[in-house]
1. So which pairs qualify, if the first residue must be in segment 537-549 and at pLDDT 95 or above, the second must be among the aliphatic types (A, V, I, L, M) and near the ligand (Cβ under 10 Å from one of its atoms), the Cβ gap must be under 7 Å, and the two must be at least 6 apart or on different chains?
2. Which residue is nearest to the chain's Cα centre (by Cα), if the candidates are limited to segment 293-312 and must be open to solvent by 10 Å² or more (accessible area, probe 1.4 Å) and within 21 Å of E513 (Cα to Cα)?
3. Kindly provide the set of residues from segment 172-209 that are open to solvent by 10 Å² or more (accessible area, probe 1.4 Å), within 25 Å of S570 (Cα to Cα), under 17 Å from the mean Cα position of the chain (by Cα) and among the polar types (S, T, N, Q), ordered by number.
4. Collect the residues in segment 58-114 that are of a type in the set (S, T, N, Q) and open to solvent by 20 Å² or more (accessible area, probe 1.4 Å), keeping them in residue-number order.
5. Would you confirm whether or not segment 420-427 contains a residue that is within 13 Å of the ligand (Cβ to nearest atom), open to solvent by 30 Å² or more (accessible area, probe 1.4 Å) and assigned to a loop (DSSP other than H, G, I, E, B)?
6. For segment 328-348: of the residues being β-branched (V, I, T) and under 30 Å from the mean Cα position of the chain (by Cα), which is nearest to the ligand (Cβ to nearest atom)?
7. Show the residue pairs that are 6+ apart or on different chains and have beta-carbon atoms under 6 Å apart, the first residue being within segment 600-611 and on the phi > 0 side of the Ramachandran plot and open to solvent by 20 Å² or more (accessible area, probe 1.4 Å), the second being in a loop (DSSP other than H, G, I, E, B) and within 16 Å of the ligand (Cβ to nearest atom).
8. With respect to K321, determine if the residue is charged (D, E, K, R), farther than 30 Å from K142 by Cα and within 16 Å of the ligand (Cβ to nearest atom).
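The values are calculated or read from the model by the stated rules, or taken from the named source; none is laboratory data. Being a predicted model, the structure only gives us computed values, none of them experimental. As a convention, Cβ positions derive from the backbone with ideal geometry for all residues, glycine included, and neighbour counts pool all protein chains shown. Please note that ligands, DNA and RNA were not included when accessible areas were found on the heavy atoms of the full protein model with its side chains. Shrake-Rupley method; radii C 1.70, N 1.55, O 1.52, S 1.80 Å.
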Amino acid sequence: MELNDRNPWQRKAARAWGILCLAVCLPVGSEARNVCLSTPNTSLVLDVEQGEEPKYVYYGRSLSPLDVENIGYVRNCDQPAYPAYGLDCPYEAAFAVRHSDGNLSTQLEVCAMEEKDTGEARTLSIRMKDKVYDFYVTLYYKAYRDVDIIEAWSSFRNEEKGEVVLGQFASAYLPVRRGDVWLSRLYGAWANEARLVQEPLRPGMEVIQNKDGVRNSHTAHAEVMFSLDGRPQEDNGRVIGAALCYGGNYKLRVNTDESEYHHFFAGINEDRSSWHLGRGEDFTTPPLALTFSSEGLGQASRNFHRWGRKYKLAHGDRERKILLNSWEGVYFKINEEGMEAMMSDIAAMGGELFVMDDGWFGGKYSRNSDKTSLGDWVTDRRKLPGGVGKLLREAEKRGIKFGIWIEPEMTNTRSELYEKHPDWIVQAPGREPVTGRGGTQLVLDLSNPDVQDYVFGVVDGLMTKYPGIDYIKWDANMGILNHGSHYLEGNRQSHLYIAYHCGFEAVCRRIREKYPDLTLQACAQGGGRANYGVLPYFDEFWVSDNTDALQRIYMQWGTSYFFPAMAMASHISAAPNHQTFRTVPLKFRIDVAMSGRLGMEIQPKDMTEEEKEMCRRAIADYKTIRPVVQKGDLYRLLSPYEGLGAASLMYVSQDKAEAVFYWWKTEHFMNQHLPRVRMSGLDAEKNYRIRELNRIDNQPLPYEGKVVSGAFLMANGLELPYVHQVERNRKNAYSSRVIYLEDAGD
Ligand code: DGJ
């Protein structure tokens, strides 16, 4: 639609949008055209004029039609919507290209605007053209009708005579007004993923980035929150949240220069990734999901969770099964008898799924360690004489489902696949490849369509042969350590990182089209694939290879800022823990695992009958609270990062009729004074019956079975004993509570 067609645009917009509107209005006495895009509680206003560069006017709490009309007078932001490099050179740019004749400058002006209604959302696209070159940039803003998320991204089209090279290509830019703005972000490492860090934004450049090539969330995360009113608070203050929906290398930049703004840019990491766009070609960036909350970080998280469950995660409307995964129980020592015993144990404890992890495959080479066989996805009959088919039948007999581990993007130098296709690996041409895990692992080159077909074939082959497979744990234990592709042409080697992820997504799409019901877990040496780029294809992710319950409190807390509990695989494991060697009592391990997607990562045959019974009861109770944990709203109550000796959070069902409260002591000292935790998110008018789950104390809590108002619980919380009342020989340094609240009626 051409912008000079002003009245029809306004009329059409007003008719179509009502109060959740995309309204175009014209402040009196000005030629500015403010376009307002709204979600239930937020508004984004852009100034879009034909022949001009579009500008940001406003992003925040939703505006009334009156405010939209007059924002032209009171607005204080006139930052470009998408700063292009070349005419305001000293400033950071969202976008920089080398045009076909070598010119490095770009000047964009609006040439058209369009809206598209898909029912769930309305998408505004603003098409711009370079003033001189036949080069087009389109900005997209997709506002969801029922969740407070606006996705923003960009696309480029080259109509010049020759090739254009994209050097910088952010998905989106957002100016954040300076003041006392704090940034909350996640950082970490293998076995210590998603640690929360919160700091005020200072002058200079903050860069959060990933260059792994395959996994992108071990070290830093592509999601952030800006608290606009000082030190981040859970329930108060304005917050802008941003999550880049991309599984590959990313770069988030916050530039605090001499202006009134923190300039936030988010997109694919352009380092060693310049993209050559041939004449007539397009390139589209991944979306940046934005949310705004006027009720602190907590509401911003709930906004992400609702959107995640409804629109991003695979099967976000489905409750997840309770599973036992074989890894920490047997590692590579897979055999038929062992697998069947584990299946019997999880079935007896009430679990619903058994997953056979690494070590089940290999033809010429047996997979007895991490040094061989990736790529040879045939059942190792030396270990499993009856094959996967037999295991499926055994699972069925026990009334549970069966899942299997694969790592299809990878190979080992000792594998039949590598012997057959040495040119399928990511490798710098002419160089010996640097190897990864086990000293022999290599990454397959997913930019190559033959490799894509092969990787799809791994899943397709398994599913065709064994249609009963219910769940696949898809692992990825190596990054791109060799920049090079045998498939990409010499002058396209810089496409590798991006082409890898395009290839990966293409494979995922094919899998989802053919196997829509399959449950897929994104595992990447632990939490390397916790991002909204992969979640449309995956049901959940493995938060970390570290299953230590105490450290998991910190990691799952950080993860909860952006991802809903149903996506966080959280397993009960052995004591001493296999990563930290900490001996954490089973009660505490269960109480932590039950705050996410509950599973087990343990050898049941090493458990006592009493321990199995405890897990059996916990699994039964988890089935009761599962809808609340997995589909309810999260309220974080006491952060472990505050260092106050305890951590606490709760989930509340959408109708507020049920809630589950968790409390874990994170330190243990004598005569300690822990804060009494007030609850949140309940209905003040409702009365709730209190029931403790996983009780180990000899006496119930004094308020067990009593009914208390939501108003009281939110104003005062409950007094929790600091230690468990058990026999002296059972006492230990840990203490935790899980309390289920149910509407008791009037
Ligand atoms: C790394 C994963 O994170 C673990 O859970 C396990 O599946 C191993 N890989 C298997 O090699």
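1. Note: pairs meeting the criteria are E540/A569; F541/A569; W542/A569; V543/A569; S544/A191; D545/A191; N546/A191.
2. Among those residues, the one meeting the criterion is K312.
3. Within segment 172-209, N192 is the sole residue that qualifies.
4. Across segment 58-114, the qualifying residues are S62, S64, N70, N76, Q79, S100, N103, S105, Q107.
5. no
6. V330
7. none
8. Here the answer is no, as K321 does not meet what is asked.
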